[in-house]
Amino acid sequence: MKKYFRQFFVIILLVIVLILPCLVFAGNDIETNLKNLGSAGGYDTSGGDTQISEMAGTIVSAALGLLGVVFIILFIFGGYKWMMARGNEQDVEESKDIMKNAVIGLIIVVGAYAIWSFILLSVLTK
């Protein structure tokens, strides 16, 4: 029971931490706040026409960045599980599998990013 409570608590804590930045923009005029933030970051906020390749590039880059974060979380979880195995070979093997699969996933994500970057630079920008 205590194990499930701890896992539930960690999930709730992660959800709160991930939702908390959204509350920063809880003002009356969200669009103005976002434009001001973009201007401060050096981005063009004129709202001109966006090409489909730019939108696709932004979406793919964001998704691949999110997958990188998932890799870090899985790798840390596998390491934590390995440390908490206390000599139990089954838990050690499980944690090794988690870490191995996380590395394989990272290799796939980096490969996908390389392919996407090649396509974006050579095909879509011409």
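With springs only between Cα atoms under 10 Å, which of I59, I16, I76 fluctuates most in a Gaussian network model of the chain?
I16
At what distance in nm do the modelled label points of R6 and I73 sit from each other, each positioned 7 Å from its Cα along Cα→Cβ?
In this crude label model, R6 to I73 measures out at 1.9 nm.
Kindly provide the Kirkwood hydrodynamic radius of the chain in Å, to one decimal, from all pairs of distinct alpha carbon atoms.
Details: mean 1/r = 0.0543 Å⁻¹.
Kirkwood radius, the chain: 18.4 Å.
Please list, by residue number, every one of the trypsin sites (Lys or Arg not before Pro) in the stretch 33-105 that is coil in DSSP and has at most 14 other beta-carbon atoms within 10 Å. Numbers along the way, then the final one.
Numbers: sites: K35, K81, R86, K96, K100; in loops: R86.
Sites meeting the loop and neighbour criteria: R86.
Between D97 and A63, what length in nm is gained on full extension when 0.36 nm per residue of separation is reduced by their alpha carbon distance?
Numbers: separation 34, 0.36 × 34 = 12.24 nm, distance 2.40 nm.
Between D97 and A63, full extension yields 9.8 nm more.
Between V17, V60, V70, which gets the highest mean-square fluctuation from a Gaussian network model of the chain, Cα cutoff 10 Å?
In this elastic network of the chain, the residue with the biggest mean-square fluctuation among V17, V60, V70 is V17.
Modelling each spin label as a point 7 Å along the Cα-to-Cβ direction, I'd like the L13/S122 distance in nm, to one decimal.
In this crude label model, L13 to S122 measures out at 4.6 nm.
Rule-based calculations on the coordinates, nothing more; no lab input. Predicted, not measured: the structure shown is a model, and the values here were computed from it. For neighbour counting, all protein chains shown are included, and Cβ atoms are generated from backbone atoms with ideal geometry for every residue, glycine included.
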